[in-house]
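The values are calculated or read from the model by the stated rules, or taken from the named source; none is laboratory data. Worth saying up front: this structure is predicted, and the values here are computed from it rather than measured. So basically every Cβ, Gly included, is an ideal-geometry build from the backbone, and we count neighbours across all protein chains shown.
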Amino acid sequence: MADLDRIETLVRTGPGTIMGNYLRRYWVPALLESELPRARCAPVRVKLMGEELVGFRDENNRIALVQEWCPHRGASLFFGRNEGEGLRCSFHGWMYDVTGQCIDMPSEPEQSRFKERISLTSYPCEIRGGVIWTYMGPKESQPPLPDLEWSLLPESHRFVTKRLQESNYLQALEGGIDSSHVSFLHRYDLEQEPLFMAAKGNQYLRADTHPRFEVVESPGGLLIGARREAEEGKYYWRITQFILPWFTLIPPFGDHAMGGHAWVPVDDENCLVWSINFHPHRALTENEIEGIKSGSGIHAALQAGTFRTVANKRNDYLVDREAQEEKRSYSGIFGVGMQDSALQESIGPIQDRSREHLGTSDVGIVMARRRMVKAALALHEKNIEPPALDSASQKVRAASILLPKGQPFAEGANEVLIAREDVMVATL
Ligand code: FES
Ligand SMILES: [Fe+2]
């Protein structure tokens, strides 16, 4: 398969596509728990992998995502009435339960059995880690919910946000595993952002802008090691985790809350960026939560009542040329999360990879593409079960660690790359 054919496979995730079928074998982070906060609350819209859906919670607290369009004459069920037993279309009153079955059709004669033949596509949902997850694949292949460390921590130890990004999910994900941009795009943020500052490792990040990358396959994805010079015969390693199909974990900065993302396709030209801060060993502080809510760190300030960012491509992300010149911001854009969004979106809705020139620092991206295509094609051609559906592949950790020169990083960091309560986070 030629490289550009691979890319075309990777970026298309609609129903029936190779990648779409593959991604639908995983649980998808769909909504924040707070979007459907209680039984019988208002329905919400969500679009995932090209499918327009509505989420609702019935009177028994059962949650589902159903197709947005009413099978009667196509009105949007976003305007439906949540009547407890089900969601009733506001146009002619047809009502559907969480399984998608039409349970009432008041516009038809009472003795009519027409409703028995009408149903919506419906996807099951479960809550874990402050997130409503949905499963959009074949019923018989439904895996257990993912065991990502942040999703299993008590609520006090994590904070999850999401934002809409106007780009294909793949270039967003690639930004998440491209550790070399930290020394540039986020250069002046390391000492300003409350969630990064004063970490010992920052000195190495600033001093050595030529990290060497080594990438190794892990059972559930990739370990992306970025090596920088440190003192006394040691290297400073920042080890990012890529967990198939769309999770990344950022190497920690000191004792700050750790960060992670999920990069989930909305359609081929938009994605949902999930940003998570968490600490395996302690509750987040008030300051940290304040910062997250105001959009600092990997999060972003949102327009009220939406998941659209305040700084966005229509206002050039509020670029501040003075700040750029005065080295208060490398790009002139403020906020690590916003900087990532801006640069990833600036590539265009779907990056034209025929024009790119990948260097040695892009090895993580090359390997990630390969790993993803391999897994998707294995399912498509040979019906091989996708990787990273098991708990051990998901319960992993990123790390920042000093290792003696000459020691392979995956071996040196072996123990600390597993998420275990009794193992401390490796960071400096
Ligand atoms: S369009 Fe929904 S009931 Fe008529
Ligand atoms: Fe970034």
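Quick one: in segment 332-365, which of the residues that are surrounded by 21 or more Cβ atoms within 10 Å (Cβ to Cβ) and not in a helix (DSSP H, G or I) is nearest to ligand 1 (Cβ to nearest atom)?
The residue in question is G335.
For every residue, the table says whether it meets (1) hydroxyl-bearing (S, T, Y); (2) more than 16 Å from ligand 2 (Cβ to nearest atom).
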residue	(1), (2)
Q241	no, no
H256	no, no
H299	no, no
R321	no, yes
S329	yes, no
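Taking A2 and the conditions (1) small (G, A, S); (2) surrounded by fewer than 20 Cβ atoms within 10 Å (Cβ to Cβ); (3) on the phi < 0 side of the Ramachandran plot; (4) at pLDDT 95 or above, which numbered condition does it fall short on, given that it satisfies the others?
Against the list (1) small (G, A, S); (2) surrounded by fewer than 20 Cβ atoms within 10 Å (Cβ to Cβ); (3) on the phi < 0 side of the Ramachandran plot; (4) at pLDDT 95 or above, A2 comes up short only on (4).
List pairs: first in segment 318-336 and at pLDDT 90 or above, second aromatic (F, W, Y) and surrounded by fewer than 21 Cβ atoms within 10 Å (Cβ to Cβ), Cβ under 8 Å, 6+ apart or cross-chain?
Between residues of segment 318-336 that are at pLDDT 90 or above and residues that are aromatic (F, W, Y) and surrounded by fewer than 21 Cβ atoms within 10 Å (Cβ to Cβ), the close pairs are Q324/Y330; K327/Y188; R328/Y188; S329/Y188; Y330/F184; Y330/Y188.
Mind checking which residues of segment 179-216 are crowded, with 21+ Cβ neighbours inside 10 Å, assigned to a helix (DSSP H, G or I), in contact (Cβ under 8 Å) with a residue 40 or more places away in the chain and among the aromatic types (F, W, Y)?
none
Out of A388, A368, A375, A426, which single residue is of a type in the set (A, V, I, L, M, F, W, C), crowded, with 19+ Cβ neighbours inside 10 Å, at pLDDT 95 or above and assigned to a loop (DSSP other than H, G, I, E, B)?
Step by step, each of A388, A368, A375, A426 is checked, and only A388 is of a type in the set (A, V, I, L, M, F, W, C), crowded, with 19+ Cβ neighbours inside 10 Å, at pLDDT 95 or above and assigned to a loop (DSSP other than H, G, I, E, B).
In this structure, is G291 in a loop (DSSP other than H, G, I, E, B), in contact (Cβ under 8 Å) with a residue 12 or more places away in the chain, among the small types (G, A, S) and farther than 25 Å from L10 by Cβ?
no
Yes/no per residue for (1) closer than 16 Å to L185 by Cβ; (2) touching a helix residue (DSSP H, G or I) at 6+ places or on another chain (Cβ under 6 Å):
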position	(1), (2)
N315	no, no
G335	yes, no
D340	yes, yes
Q344	yes, yes
Q351	no, yes
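Are there any strands (runs of 3 or more DSSP E) wholly within segment 56-168 with 3 or more residues that are touching a residue at least 40 places away in the same chain (Cβ under 8 Å) and on the phi < 0 side of the Ramachandran plot, and if so which?
63-67, 122-128, 131-135, 158-165
Of (1) over 21 Å from V266 (Cβ atoms); (2) surrounded by fewer than 21 Cβ atoms within 10 Å (Cβ to Cβ); (3) without any contact (Cβ under 8 Å) to a residue 40 or more places away in the chain, Q303 satisfies all except one. Which?
It fails just one condition, (1).
Residue by residue through segment 219-235, note down the ones that are under 18 Å from E415 (Cβ atoms) and touching a strand residue (DSSP E or B) at 6+ places or on another chain (Cβ under 7 Å). So that I can check it myself, show each step before the final result.
Start the filter on segment 219-235 by keeping residues that are under 18 Å from E415 (Cβ atoms), which leaves 219-220, 223, 225, 234-235.
Within segment 219-235, G220, L223, G225, K234, Y235 qualify.
Among the residues of segment 24-37, are any surrounded by fewer than 17 Cβ atoms within 10 Å (Cβ to Cβ) and touching a helix residue (DSSP H, G or I) at 6+ places or on another chain (Cβ under 9 Å)?
Checked segment 24-37: no residue is surrounded by fewer than 17 Cβ atoms within 10 Å (Cβ to Cβ) and touching a helix residue (DSSP H, G or I) at 6+ places or on another chain (Cβ under 9 Å).
Which count do you get for residues in segment 63-96 that are among the aliphatic types (A, V, I, L, M), within 12 Å of ligand 1 (Cβ to nearest atom) and surrounded by 24 or more Cβ atoms within 10 Å (Cβ to Cβ)? Let's see the steps before the verdict.
Filtering segment 63-96 down to residues among the aliphatic types (A, V, I, L, M) leaves 63-66, 75, 77, 87, 95.
Restricting the remaining residues to those that are within 12 Å of ligand 1 (Cβ to nearest atom) gives 75, 77, 87, 95.
Imposing the further condition that a residue be surrounded by 24 or more Cβ atoms within 10 Å (Cβ to Cβ) reduces the set to 77, 87.
Qualifying residue count for the region: 2.
From the list L205, L244, L249, L223, pick out the single residue that is within 24 Å of G332 (Cα to Cα) and more than 16 Å from ligand 1 (Cβ to nearest atom). Spell out how you get there, then give the answer.
On the way: L244 fails: within 24 Å of G332 (Cα to Cα); L249 fails: within 24 Å of G332 (Cα to Cα); L223 fails: within 24 Å of G332 (Cα to Cα).
Answer to the selection: L205.
Just checking, does segment 10-18 include any residue being under 22 Å from the mean Cα position of the chain (by Cα), charged (D, E, K, R) and either assigned to a helix (DSSP H, G or I) or within 17 Å of P124 (Cα to Cα) (or both)?
Taking every residue of segment 10-18 in turn, none turns out to be under 22 Å from the mean Cα position of the chain (by Cα), charged (D, E, K, R) and either assigned to a helix (DSSP H, G or I) or within 17 Å of P124 (Cα to Cα) (or both).
Looking at A262, A300, A311, A283, can you tell me which residue is touching a Leu at 6+ places or on another chain (Cβ under 6 Å), in the same structural domain as E193 (by TED's automatic domain parsing) and at pLDDT 95 or above?
Values: A262 fails: touching a Leu at 6+ places or on another chain (Cβ under 6 Å); A300 fails: touching a Leu at 6+ places or on another chain (Cβ under 6 Å); A283 fails: touching a Leu at 6+ places or on another chain (Cβ under 6 Å).
Within the list A262, A300, A311, A283, the selection yields A311.
For Q351, indicate whether it is within 15 Å of ligand 2 (Cβ to nearest atom) and out of contact with any Gly (no Cβ under 9 Å at 6 or more places or on another chain).
Considered against the rule, which asks whether it is within 15 Å of ligand 2 (Cβ to nearest atom) and out of contact with any Gly (no Cβ under 9 Å at 6 or more places or on another chain), Q351 comes out as no.
Give the residue that is farthest from P154 (Cα to Cα), with candidates limited to residues of segment 255-282 that are touching a Phe, Trp or Tyr at 6+ places or on another chain (Cβ under 8 Å) and in a loop (DSSP other than H, G, I, E, B).
Top of the filtered list is H256.
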